[in-house]
Amino acid sequence: MREHIERVLFSAEEIQRRVRELGAQISRDYRNGGKKDPFGRPLLVVGLLKGALPFMADLIRNLDIPIHYDFMAVSSYRNGTSPGEVRVLKDLDCAVGRRDVLIVEDIVDTGHTLRHILRSLQAREPASLKVCTLLDKPYRREVAVPVDYVGFVVPENVFVVGYGLDYAELYRNLPFIGVLKPEYIREA
Ligand code: 5GP
């Protein structure tokens, strides 16, 4: 798979270092008054399948606070549908009412996916709702969404793969994030 990559944007070491920093920052924030749950229940970390899986697995092991975790899956409008149509494929197993919730995303691009998820969770009236994304492309935003923690800003408008991010379901298992060689990108 490595030979399919034109260049590496974020190495495995860089990612691990940044994930440790994010884990420390999030732990600090929720220890220092970030928790709003009237019943004092652990922070609920919500990972978005499938892209956030490797990031989520590394991040939670760098959280030095009590947590619960759960997963959601949404359909990507990229598969032929329009941006308005984000569907929930797998919903949370647990209730989020009056809980502290942290959404973990792989990448925020136009913001449509995250806006849909935020609306869906906000309607369930959590005590607090924050977002942590590994990657951000702020210059691509079509709708404004609040993002509280960002791993890296993708420095240029390129399609990235690796560390959970796919092209046609491939490359998610790469430990780094890079740009595909053009010859491996098939026209739809
Ligand atoms: P948004 O709704 O913010 O436009 O897009 C979010 C989703 O688009 C991400 O969860 C991800 O699945 C996909 N996406 C956006 N940019 C990239 C990229 O550079 N590489 C990959 N692999 N997926 C991307």
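The values are calculated or read from the model by the stated rules, or taken from the named source; none is laboratory data. Since this is a predicted model, take the numbers as computed values, not measurements. Backbone-built Cβ (ideal geometry, glycine too); neighbour counts: all protein chains shown. The area values use the complete protein model at the heavy-atom level, side chains included, leaving out ligands, DNA and RNA. Shrake-Rupley method; radii C 1.70, N 1.55, O 1.52, S 1.80 Å.
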Whichever residue in segment 148-161 is exposed (fewer than 15 other Cβ atoms within 10 Å of the Cβ) and of a type in the set (V, I, T) and, among such residues, is farthest from the ligand (Cβ to nearest atom): V153
task: Within segment 95-110, track down each residue that is more than 6 Å from the ligand (Cβ to nearest atom) and surrounded by fewer than 21 Cβ atoms within 10 Å (Cβ to Cβ).
output: A95, V96, G97, R98
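For segment 91-110, name all the residues that are in a loop (DSSP other than H, G, I, E, B) and among the hydrophobic types (A, V, I, L, M, F, W, C). First the steps, then the outcome.
Narrowing segment 91-110 to residues in a loop (DSSP other than H, G, I, E, B): 91-99, 109-110.
L92, C94, A95, V96, listed by residue number.
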- line: Of (1) more than 7 Å from the ligand (Cβ to nearest atom); (2) assigned to a helix (DSSP H, G or I), T113 fails just (1)
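Answer yes or no: is there a residue in segment 76-91 that is within 23 Å of S27 (Cβ to Cβ) and open to solvent by 10 Å² or more (accessible area, probe 1.4 Å).
The initial filter retains those residues of segment 76-91 that are within 23 Å of S27 (Cβ to Cβ), namely none.
There is no residue in segment 76-91 that is within 23 Å of S27 (Cβ to Cβ) and open to solvent by 10 Å² or more (accessible area, probe 1.4 Å).
Yes or no: G164 within 15 Å of D106 (Cα to Cα), more than 10 Å from the ligand (Cβ to nearest atom) and crowded, with 18+ Cβ neighbours inside 10 Å? Show your work before the answer.
Working: within 15 Å of D106 (Cα to Cα): yes; more than 10 Å from the ligand (Cβ to nearest atom): no; crowded, with 18+ Cβ neighbours inside 10 Å: yes.
Considered against the rule, which asks whether it is within 15 Å of D106 (Cα to Cα), more than 10 Å from the ligand (Cβ to nearest atom) and crowded, with 18+ Cβ neighbours inside 10 Å, G164 comes out as no.
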When residues of segment 127-147 are limited to those that are aliphatic (A, V, I, L, M) and within 23 Å of G162 (Cβ to Cβ), the one nearest to the ligand (Cβ to nearest atom): L135
field: Evaluation of V108 against (1) touching a helix residue (DSSP H, G or I) at 6+ places or on another chain (Cβ under 7 Å); (2) under 22 Å from K35 (Cβ atoms) (one fails), failing number
entry: (2)
statement: Of the candidates Y149, Y139, the one satisfying the condition of being more than 22 Å from R87 (Cβ to Cβ), touching a Cys at 6+ places or on another chain (Cβ under 6 Å) and aromatic (F, W, Y) is Y149
- prompt: Name the pairs whose Cβ atoms lie under 6 Å apart, with the first residue in segment 135-163 and on the phi < 0 side of the Ramachandran plot and among the aromatic types (F, W, Y), the second at pLDDT 95 or above and open to solvent by less than 70 Å² (accessible area, probe 1.4 Å), and 6 or more positions between them or separate chains?
  reply: Y149/L22; Y149/C132; F152/F10; F152/L135
- prompt: Only one of (1) away from the ligand (no atom under 13 Å from the Cβ); (2) open to solvent by less than 30 Å² (accessible area, probe 1.4 Å) is not met by R124, so which one is it?
  reply: (2)
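For (1) touching a strand residue (DSSP E or B) at 6+ places or on another chain (Cβ under 9 Å); (2) within 23 Å of L121 (Cα to Cα), each residue gets a yes or a no:
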site: R141; (1), (2): yes, yes
site: F152; (1), (2): yes, no
site: G162; (1), (2): yes, no
site: A168; (1), (2): no, no
site: Y171; (1), (2): yes, no
site: P175; (1), (2): yes, no
